[in-house]
Amino acid sequence: MKHTYFLALLFSAFTTVLHAQETLIDTVYISDIRLKDAEKSQKIIRISKDELLNNPVNLSEVLRFQTPFYIRENGRGMAASPSFRGTTAQQTAFLWNGIPVNSLFLGQADVNNIGLLNYDHIAVKPGGGSISYGSGAVGGSVHLNNSLSFNKGFNGDLFAEYGSFETLNSSVKLNYNTDKVSFQLNTAYTESENDYDVPALQYVNRNGKYRQQSFGLSSGYRFNTGDVLYFHSQMSDGLQYFPVFFEEDTKTKYITQGFRSLLHWDHQNQHFSNHLKLAFLEEQFRHFADIEKTESTGSGGQLFMVKNDASWTRIKNLVLILQTEFQHQKAEGFQSGKSNPKRNLGAAALVVKKQWGKSIYTEGAIRKDFIENMNSPLLFSFGSQIKAAPFYTIKLNISKNFRIPTFNDLYWEPGGNPDLKPEHSVQIELGNEFQYKNFTLEIVPYYLRVSDLIQWMPGNTIWTPFNTNEAESYGAEVYGNFFAKIGNHQLKLKSAYTYALSKDLETQKSLMYVPKHKFSGTASFMTKFGSIFIQGMFTGLTFTSTDENRRTALNPSTVINAGVQITLSPHLQLGIRANNIFNEVYQTSQHYPMPFRNFGISLRSQF
C-alpha cells in the first residue's frame, strides 16, 4: 500500500535524527504582511502547529472545533464548504501566504482539498477584508501561512498517525538556515478508506475514501538587515470519492491537482518599506460520473498575480501605504460546459494609519478595482483601536466589501449570465477586549448586509444565475482565553461562541446552514511528561432549506474529543486521540452523518 512507504520513511527518521545544534533564533519572516496590519482593528484567531495536531485529519475539523466557522461537510473528509457570519462559501476568502486560492470556477475553496499539515500556522480573520484581499473576503478569511527563519541551524518536525477507518495522516518538515540562507522542505500525505457506519441512522458511508498529498519547498536569502528575497512553492493532488446511499448506485469520484509558486522581495529601511510579490497558481480538476469508466469532465485554470505594498513613515506616527495589484486569469474546459474565458483585473488602494499618543490608533482606506468588462464598487474601510483603560480595549471596524462573479457564473454553457454584477456588502463590528492578568475576554457584536446576491435559479429549461435578493446577518462572537503556569505545568483554555441571525430580506426566512448558536472550546494541560487536551463543540438547530422547515433541520449536537501526548524522550512523543467519545449522532450536512467514536495513535519527533 502507498502509506507503507510513508510510514517507513517517517519512523526511520524518528530513529536516526534526534539531535540538532542549538543556536540563537533570529527573525521569522511571514509572507502575509497585511494580516499583521489588520489585527489592530479586527479579531485574529491564530492556530499554532501544535493546535493543528489536535485535529490532524483535515482542515474542516480544525476550523469546526477551533473557530466560530460552520463547516458543511458531506461526510467525514468529503467536499466541504465554510460559512462565517451567515455568509456563503464564496464569500469566504482562503489565502496562501497572502495569495487568494479560491477556485476561479466555483469562487470557493474546497476545504478538504487544501491540505493541512504543510503549514506552519493558520490564522482566521472574521469580518470583511476586501481592501487587502479583494474579491470574496466578505464574511471572513482563512490564512494558510509558511514562515522562514534565519540563524537557527538544522531542525525538523516529523509526524505520523494511523487511525480508525484505515486513516493515515503524515507530514515531514525539514529546515536548514544560516544568518544568510534559509531552506524548508515540507510534505504531507493523508488517505482513508473512510468506511464508517452510523447504526443509529442505519447509515453506511459507502464509496467515501479519499487521498490527499502535497509537497512544498521554500527558500530565502537575506542580503542585509533590510532586504530579504524568498520563494514558496507547493504542489498537491487529491482524490475524493463521493458517498452513495445504496450499493447499486453509480459511484463517482473527483480528482484535483494544484500548483502554487510565490516570489517575494521584502525591503525595509527607516522611513520606507516595500513588499513585492509575484505569484503563479494553477488548478485542475476532473470529475468521473462513473469510477468504472475513463470518460470524465474537467477544467483547468491559471492565475498570474503581481502585488505590491509601499509604505512611507516620514511623519512621526503616520503611515501611508499604497497597495497595487494586477491579475490575469484564464481557464479551459474539457467536456464541462465552459468555453475558454480570460480576464484581467487591476486594483489600487490607499491606506492611512495614525497613532494618536499611546491610547488611540486609527486607519482609513479606499480601494478601486478595475475588472475587464465589469463595473466594480468603490470600497472603503475605517478601523480604530482605543485603549480606554489598562484592562479594556475597544476595536471598531467598518468596511465595504465585494465578490465578483466566477467563471462558472459568467460562462457556463448553457446557463451562464455575462451580465452579472458583483455582490457587495457593508459590515460593522465593535470589539470589546477585557484583560486581567492571564485571562482575556473579547465580545464582538457585528452587522453585515449583502446586496446583489448571485444565485442560480431555474428558468424555462435551464438554471441561470441572477443578481437577486439582499441578505443581512447580525449577532455577536465571544472569545475567552486563559493561561496559567503552575510550577512546571501549564494550563491553557481557549473558547469561542457565536450567536448569528442571518436572513433573506425578501422572504424574511433564515439562510441555510447558519446555526443560531455555536460553541467550541479546548482545555490543554502540559507537563514535562506530556500533555492532555479535551475539546468540545456545541452546534444549535441548523436549517437545511430556505423555508425554515424543522423536519429537515439538523438537530442540536454536542461532540467531545480528547487526546493525550506522552513524552518518550526529549525529541519523541507518542499521541493517542479519541474523537466523538460519547457517540453523538450529528451531521453538518443533510443526509451525511459524521462517524461515531474513532481513534488515532501517532508519533511525533521535533529536533
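The values are calculated or read from the model by the stated rules, or taken from the named source; none is laboratory data. These figures come from a predicted structure and were not determined experimentally. Because the Cβ atoms are built from the backbone with ideal geometry, glycine has one as well, and the counts that use them run over all protein chains shown. Just the protein is used for accessible areas: all its heavy atoms, side chains included, with ligands, DNA and RNA removed. Shrake-Rupley method; radii C 1.70, N 1.55, O 1.52, S 1.80 Å.
Per-residue answers, yes or no, for (1) among the aliphatic types (A, V, I, L, M); (2) open to solvent by 30 Å² or more (accessible area, probe 1.4 Å); (3) out of contact with any Asp or Glu (no Cβ under 9 Å at 6 or more places or on another chain); (4) closer than 19 Å to Gln587 by Cα:
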site	(1), (2), (3), (4)
Thr522	no, no, no, no
Ile532	yes, yes, yes, no
Gln535	no, no, yes, yes
Phe538	no, yes, yes, yes
Asn555	no, yes, yes, yes
Thr558	no, yes, no, yes
Thr567	no, yes, yes, no
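Per the listing Gly128, Gly115, the residue uniquely under 17 Å from Gly238 (Cβ atoms), out of contact with any helix residue (DSSP H, G or I) (no Cβ under 6 Å at 6 or more places or on another chain) and small (Gly, Ala, Ser) is Gly115.
Taking each residue of region 574-602 that is basic (Lys, Arg) and looking for partners that are part of a loop (DSSP other than H, G, I, E, B) with beta-carbon atoms closer than 7 Å, six or more apart or interchain, yields Arg597/Asn580; Arg597/Ile581; Arg597/Asn583.
Reported count of residues in region 358-402, each being surrounded by fewer than 18 Cβ atoms within 10 Å (Cβ to Cβ), basic (Lys, Arg) and under 26 Å from the mean Cα position of the chain (by Cα), is 1. For Gly475, the conditions (1) assigned to a strand (DSSP E or B); (2) of a type outside the set (D, E, K, R); (3) open to solvent by 50 Å² or more (accessible area, probe 1.4 Å); (4) more than 25 Å from Pro593 (Cα to Cα) are fulfilled apart from (3). Please determine whether any residue of region 64-85 is in a helix (DSSP H, G or I), of a type outside the set (S, T, N, Q), over 18 Å from Tyr254 (Cβ atoms) and modelled with pLDDT of 90 or more. Yes - at least one qualifying residue is present in region 64-85.
Among the candidates Ser520, Ser531, Ser557, which residue alone is farther than 19 Å from Pro68 by Cβ and modelled with pLDDT of 95 or more? Testing whether each residue is farther than 19 Å from Pro68 by Cβ and modelled with pLDDT of 95 or more leaves just Ser531.
Each row is one residue, and each column tells you yes or no for (1) in a loop (DSSP other than H, G, I, E, B); (2) among the polar types (S, T, N, Q); (3) at positive phi; (4) loosely packed, with under 14 Cβ neighbours inside 10 Å.
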residue: Ser545; (1), (2), (3), (4): yes, yes, no, no
residue: Glu548; (1), (2), (3), (4): yes, no, yes, no
residue: Gly563; (1), (2), (3), (4): no, no, no, no
residue: Arg577; (1), (2), (3), (4): no, no, no, no
residue: Pro595; (1), (2), (3), (4): yes, no, no, no
residue: Ile601; (1), (2), (3), (4): no, no, no, yes
residue: Ser605; (1), (2), (3), (4): no, yes, no, no
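Scanning region 436-472 for residues that are open to solvent by 40 Å² or more (accessible area, probe 1.4 Å), touching a Leu at 6+ places or on another chain (Cβ under 8 Å) and of a type in the set (S, T, N, Q) yields one hit, Asn467. Which numbered condition trips up Gln284, out of (1) under 30 Å from Thr324 (Cβ atoms); (2) outside any strand (DSSP E or B)? It is condition (2) that Gln284 fails. Here Leu106 passes the criteria (1) touching a Gly at 6+ places or on another chain (Cβ under 8 Å); (2) within 17 Å of Thr87 (Cβ to Cβ); (3) open to solvent by 10 Å² or more (accessible area, probe 1.4 Å); (4) not acidic (Asp, Glu) except the one numbered (1). Exactly one residue out of Asn155, Asn186, Asn169, Asn194 is surrounded by 16 or more Cβ atoms within 10 Å (Cβ to Cβ), touching a residue at least 12 places away in the same chain (Cβ under 8 Å) and not in a strand (DSSP E or B), and it is Asn194.
What residue, among those in region 238-252 that are assigned to a strand (DSSP E or B) and among the aromatic types (Phe, Trp, Tyr), is most open to solvent (accessible area, probe 1.4 Å)? Only one residue fits best here, namely Phe242.
Set side by side, the residues Pro445, Pro418, Pro414 differ, and just one is assigned to a loop (DSSP other than H, G, I, E, B), farther than 29 Å from Phe370 by Cβ and either at pLDDT below 95 or not hydrophobic (A, V, I, L, M, F, W, C) (or both), which is Pro414.
Would it be correct to say that Arg551 is more than 19 Å from Lys518 (Cα to Cα), among the basic types (Lys, Arg) and touching a residue at least 40 places away in the same chain (Cβ under 8 Å)? Taking the combined requirement at face value, the residue does not satisfy it.
Here's the yes/no breakdown for (1) over 12 Å from the mean Cα position of the chain (by Cα); (2) modelled with pLDDT under 90:
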position: Tyr5; (1), (2): yes, yes
position: Thr15; (1), (2): yes, yes
position: Gln21; (1), (2): yes, yes
position: Ser31; (1), (2): yes, yes
position: Leu59; (1), (2): no, no
position: Asp110; (1), (2): no, yes
position: Leu117; (1), (2): yes, no
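Being surrounded by fewer than 15 Cβ atoms within 10 Å (Cβ to Cβ), free of Cβ contacts under 8 Å to residues at least 40 places away in the same chain and over 24 Å from Phe242 (Cα atoms) is a description that applies to Asn340.
Given the structure, is Leu505 on the phi < 0 side of the Ramachandran plot, touching a helix residue (DSSP H, G or I) at 6+ places or on another chain (Cβ under 7 Å) and either among the aliphatic types (A, V, I, L, M) or open to solvent by 30 Å² or more (accessible area, probe 1.4 Å) (or both)? For Leu505, the condition - on the phi < 0 side of the Ramachandran plot, touching a helix residue (DSSP H, G or I) at 6+ places or on another chain (Cβ under 7 Å) and either among the aliphatic types (A, V, I, L, M) or open to solvent by 30 Å² or more (accessible area, probe 1.4 Å) (or both) - is not met.
Hey, does region 35-50 have a residue that's in a helix (DSSP H, G or I) and of a type in the set (Lys, Arg)? Yes, region 35-50 has at least one match.
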